[in-house]
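The values are calculated or read from the model by the stated rules, or taken from the named source; none is laboratory data. The model shown is predicted, which means the values in this text are computed figures rather than measured ones. Quick reminder, even Gly has a Cβ in these numbers, built from the backbone with ideal geometry, and neighbours come from all protein chains shown.
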Amino acid sequence: MSALEAFLLGLVQGLTEFLPVSSSGHLVIGKALFGIELEDASFEIIVHIATALSIVVVFRRQIWEMIADTVRFRKTEATALTWRVLFSALPVLVVGLFFKDRIEIFFTTKGTAVVGWMLLLTAVLLGLAHWLSVRRQKTGKTHPIRFLDAFVIGVAQACAVMPGLSRSGATIATGLMLGVEKDKVAPFSFLMVLIPILGQAFLGIVGGEFTPAATGLSVTAMGIGFVTAFASGWLACRFMLALVRNMKLTWFAGYCLLVGLASVLFL
């Protein structure tokens, strides 16, 4: 992987992580278009760590309040949110422990067709979520995130480890279909990814999985990809949180439909 390719893929990751269009799916498609062949998902993990850290920077005050109130055993909304985020991580923890090696094959260019079909599934989920949320807004039957909601949204996140099935799209769509308030489910979707991504990063660093020898990538490519994904992710997170809250999900559904069809038919 050249420095230019690492830069472009890092940019793709940063700009698409916070939209319901599957950043991992776009990375697989990008590698296929550039003709990049990698043995595993190391590069994807590196740039996902970068965007996770950009979430930490953007939400630093809220995260600090969550941690501070939780360790002091305060009964506040921040503490309740912390426990719901932790609860939502259980399904993806199970998937990561037992199915990691089987899933990583789909992050290579061999998984391009799968990415296309998963993007089509994302389009269906977003369309259905939009239809149901419009109906609920008319009746006023929405509620804050409950523990059961957090777990079901966590199941959606666990399913979205497949590239092409948008993690934010699946979690936001699931939350809306459960009747969760739209302005609550988008920030929750961004915060809940921190535990699996940063946990995986810690285990990978301890296990030496991100060395050039282990990844087959140069230090330059890893560094450029990381920095680009972090910087573009930081900018995107600041501006796209409001975008995701206010834009109609059908717009993203249409985009996923077009890209999914193109992937299935041509790649």
- Note on the structure: Filtering the range 164-216 for residues that are over 18 Å from Val58 (Cβ atoms), at pLDDT 80 or above and small (Gly, Ala, Ser) leaves a count of 7
- Message: Cβ-Cβ distance below 7 Å, separation of 6 or more or different chains: which pairs start in the range 57-78 with a residue that is surrounded by 17 or more Cβ atoms within 10 Å (Cβ to Cβ) and end on one that is of a type in the set (Lys, Arg) and outside any loop (DSSP other than H, G, I, E, B)?
- Response: Val58/Arg238
- Out of the residues in the range 231-254 that are modelled with pLDDT of 85 or more and buried (at least 21 other Cβ atoms within 10 Å of the Cβ), state the one that is farthest from Arg167 (Cα to Cα). Ser232
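Listed here are the residues, each with its yes/no results for (1) within 24 Å of Ala52 (Cβ to Cβ); (2) more than 18 Å from the chain's Cα centre (by Cα); (3) modelled with pLDDT of 90 or more.
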| site | (1), (2), (3) |
| --- | --- |
| Met66 | yes, yes, yes |
| Ala80 | yes, yes, yes |
| Val94 | yes, no, no |
| Leu120 | no, no, yes |
- Would you point out the residue of the range 96-112, among those that are surrounded by 14 or more Cβ atoms within 10 Å (Cβ to Cβ) and part of a helix (DSSP H, G or I), that is modelled with the lowest pLDDT? Thr109
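Only one of Ile36, Ile49, Ile45, Ile29 is in a loop (DSSP other than H, G, I, E, B) and touching a helix residue (DSSP H, G or I) at 6+ places or on another chain (Cβ under 8 Å); which?
On the way: Ile49 fails: in a loop (DSSP other than H, G, I, E, B); Ile45 fails: in a loop (DSSP other than H, G, I, E, B); Ile29 fails: in a loop (DSSP other than H, G, I, E, B).
Just one listed residue meets the conditions, Ile36.
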